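What follows is a single structure, written as structure tokens, with notes after it.
Please treat every number below as a calculation from the coordinates, not as lab data. The model shown is predicted, which means the values in this text are computed figures rather than measured ones.
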Amino acid sequence: MAAHLLELSGITTGYGKVEVLHDLWLSVPAGSVVALIGPNGAGKTTTLRALAGTLPVWRGAVTLDGRRIDGLRPVDRARLGLTLIPEGRGVFPGLSVRDNLDLSVRADRAAPDGVRRGRLDGVLDTFPRLRERLDQRAGTLSGGEQQMLSLSRALLADPKVLLMDELSMGLAPKIVEQLFESVGELKARGLTILLVEQYLTYALRYADICYVMSKGRVSFVGEPSELRDSDELSSSYLGAPA
């Protein structure tokens, strides 16, 4: 079994005085795709925020590649390789596609110019539609194109772990299919991914491990086949048949 690259150990946190996550334990093995699924309000986005550092951890520990990071700022976690694609569109709408990508390329100051250009060419090869729209303002792109740009910006950071929050939100099924084909390509390259996803079909197709959350706790951990083949599990843990 692959070593656990990212771990949450007994995480408790919330908003104001309201506790949302209750002693949460979760592990993401290196090179795997882990799906975090469950009904609305289960605490999935809160979990990603606690990982990324945009929400302080009250109790417990977050460990990345053997190093405890729960006391670090979000920018420092990002520099260590933990990259979040937030719910919605993570782009600068007033800037062109080119400028959005350039900002991400320049963020890694330690990388040689040739490495940066290689990463940029790589994401444009993955999303050729963006190459056709380099001079277009990001805010005028379609929702699917903006999500492609958001994913591209995250990949340019050369992450160790990619956190995806509702990649499919508000998008047409055809676009969602294209985006998840890209997720499949990233999985084939060995990128470690933790994704929150409303579409159970895609979560089960690409995940190696599924965590089901309910009311701020993990209620089930297992392989996708255990959920895919059991209507009882799907209805019990997710509130509706798969």
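A few remarks follow.
- Taking 25 Å as the limit for the C-alpha separation, the pairs Lys17/Lys44; Lys17/Lys160; Lys17/Lys215 exceed it in the case of Lys17/Lys160.
- Debye equation applied to the C-alpha atoms of segment 1-137, log10 I(q)/I(0) at 0.11, 0.16 Å⁻¹: -0.53, -0.99
- Given in Å, the Rg to one decimal and the Dmax to the nearest whole number for the Cα atoms of segment 56-170 are 15.0, 47.
- With eigenvalues of the C-alpha gyration tensor scaled by 5 and rooted, segment 47-88, Å: 15, 13, 8
- Segment 1-45 - Debye-derived log10 I(q)/I(0), Cα point model, q = 0.14, 0.26, 0.30, 0.32 Å⁻¹: -0.42, -1.01, -1.12, -1.16
- Along each principal axis, taking the top coordinate minus the bottom one, the Cα set of segment 6-84 gives 30, 25, 19 Å in descending order.
- Helix-derived mean residue ellipticity, 222 nm - over the chain, DSSP H n ≥ 4, -39500 (n - 2.57), to 500: -11000 deg cm²/dmol
- Surface/4 of the Cα convex hull for the chain, nm²: 13.1 nm²
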